[in-house]
Amino acid sequence: MKIKVITKSPEETMLLAQKIARSVQEPCVISLVGDLSAGKTTFSKGFALGLGIKEIVTSPTFTILNEYESEEVKLLHFDMYKLNSIEEAYELGFEEYFDIKKLNGIVLVEWAENVKGLLPTFYYEISFTKLSDNERAIEIMQKGEKNNKDEK
């Protein structure tokens, strides 16, 4: 499955993210890929709104992980930009957050390409391409194959 959408404003990117958030089921890992200022954090804010999270969502660039909860779901929002290797992610104990059998919530990972080895055998990848100051090309893809053994 691959879907491509063009958004023409940050608000449209947030609305798309809200729709996607309402359609995913936990446990779930979503990789967000794109250059700086491509729209990953804007998407994350809309995604959290779609899950019913009322807190203000910020990029966890310096803390690496922010946790948010709505009445129904937990969102684990990672930003792996500052990590130099997958070994750093293991040293910080992040592998437990990517184990679908144990995961309780949804993991949203900015800069997931820095820790590819942590991603489960099945996940969603959303890539962002900046077309202009406001326009973004957003591609949504399934990666790997969903395996019933991977589910809770």
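Kindly list the number of the only condition in (1) closer than 21 Å to A112 by Cα; (2) loosely packed, with under 12 Cβ neighbours inside 10 Å that fails for I30.
(2)
Could you list all residues from segment 64-73 that are open to solvent by 40 Å² or more (accessible area, probe 1.4 Å) and either under 16 Å from the mean Cα position of the chain (by Cα) or at positive phi (or both)? Can you show your working first?
Here is the first cut: in segment 64-73, the residues open to solvent by 40 Å² or more (accessible area, probe 1.4 Å) are 67, 69, 71-72.
Listed by number, the residues that qualify are E67, E69.
Being part of a loop (DSSP other than H, G, I, E, B), surrounded by fewer than 20 Cβ atoms within 10 Å (Cβ to Cβ) and not acidic (D, E) is the filter here; which residues of segment 74-102 pass it? Steps first, answer last, please.
Narrowing segment 74-102 to residues part of a loop (DSSP other than H, G, I, E, B): 80-85, 92-93, 99-102.
Still in the list and also surrounded by fewer than 20 Cβ atoms within 10 Å (Cβ to Cβ): 81-85, 92-93, 99, 101-102.
Within segment 74-102, Y81, K82, L83, N84, S85, L92, G93, K101, K102 meet the criteria.
I need a count of the residues in segment 120-129 that are touching a strand residue (DSSP E or B) at 6+ places or on another chain (Cβ under 6 Å) and outside any strand (DSSP E or B).
Count: 1.
Looking at segment 29-44, can you tell me whether even one residue there is within 14 Å of the chain's Cα centre (by Cα), in a helix (DSSP H, G or I), of a type in the set (V, I, T) and within 17 Å of V73 (Cβ to Cβ)?
So far as segment 29-44 goes, no, none of its residues is within 14 Å of the chain's Cα centre (by Cα), in a helix (DSSP H, G or I), of a type in the set (V, I, T) and within 17 Å of V73 (Cβ to Cβ).
The values are calculated or read from the model by the stated rules, or taken from the named source; none is laboratory data. The shown structure was predicted, so the numbers you read here are calculated from the model rather than taken from an experiment. No Cβ is skipped: glycine too gets one built from the backbone with ideal geometry, and neighbour counts run over all protein chains shown. Heavy atoms of the whole protein, side chains included, go into the accessibility calculation; ligands, DNA and RNA do not. Shrake-Rupley method; radii C 1.70, N 1.55, O 1.52, S 1.80 Å.
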